[in-house]
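Novice: Quick one: the structure is below, questions incoming.
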Amino acid sequence: MTRGIRPAIAGAVVLLVVALTGVPARADIADKHNDYNGDGISDLVAVRDADDCLYRWNGRPGGGFAPADLVGCGWSSFKAALSAPGDLDRDGIGDLVSVDPATGCMFRWLGTGTGGFSATAPAASRPASGWSAPCRSIASR
């Protein structure tokens, strides 16, 4: 495959190969596990500007979401870059990552399966040459 090819085109090529070979297709989104409470249904998380607290909306079996549950407060440093990349540690529970703009350090929070997350853990630092070794841990969230 040509270097620099855009992911959308690469995905189309994969789907074309799948269509020609008869291998069952699966969308990349299917690999993204954002189930935080362990019920097998994707949930949502976000930090509210009003209080800098992290909230979780549990997905419902028929679609839609339950009312917000408070997960924890003190997320002001991470709210701008908070991301839900899916299941990073392959335990079936969604995890979170963010970059602290003050330090350039990336942090991760592993989902516990009960709707909460582990203590803040450094994931990587971002020097001029790119991501490297972990930053020092900061206060738990």
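Novice: Just to be sure I understand the model, the point goes 7 Å from the Cα along the line to the Cβ. What's the resulting Ala68 to Ala50 distance in nm?
Specialist: 0.7
Novice: Here's a follow-up. If I histogram all Cα-Cα distances within the stretch 52-121 using bins 10 Å wide from 0, what percent of pairs lands in each bin?
Specialist: Reading the bins upward from 0: 19, 50, 27, 4, 0.
Novice: Count the net charge of all other residues whose Cβ sits under 11 Å from the Cβ of Trp57, scoring Lys and Arg as +1 and Asp and Glu as -1.
Specialist: Result for the local shell: 0.
Novice: Still on this structure, I have one more. Tell me the carbon and sulfur percent of the accessible area for the stretch 62-122, rounded to whole percent, probe radius 1.4 Å.
Specialist: The nonpolar share, carbon plus sulfur, comes to 55 percent.
The values are calculated or read from the model by the stated rules, or taken from the named source; none is laboratory data. Small disclaimer: the values here were computed from a predicted structure and weren't measured. In this analysis, Cβ positions are derived from the backbone assuming ideal geometry, glycine residues included, and neighbour counts consider all displayed protein chains. All accessible areas refer to the heavy atoms of the entire protein, side chains included, with ligands and DNA or RNA removed. Shrake-Rupley method; radii C 1.70, N 1.55, O 1.52, S 1.80 Å.
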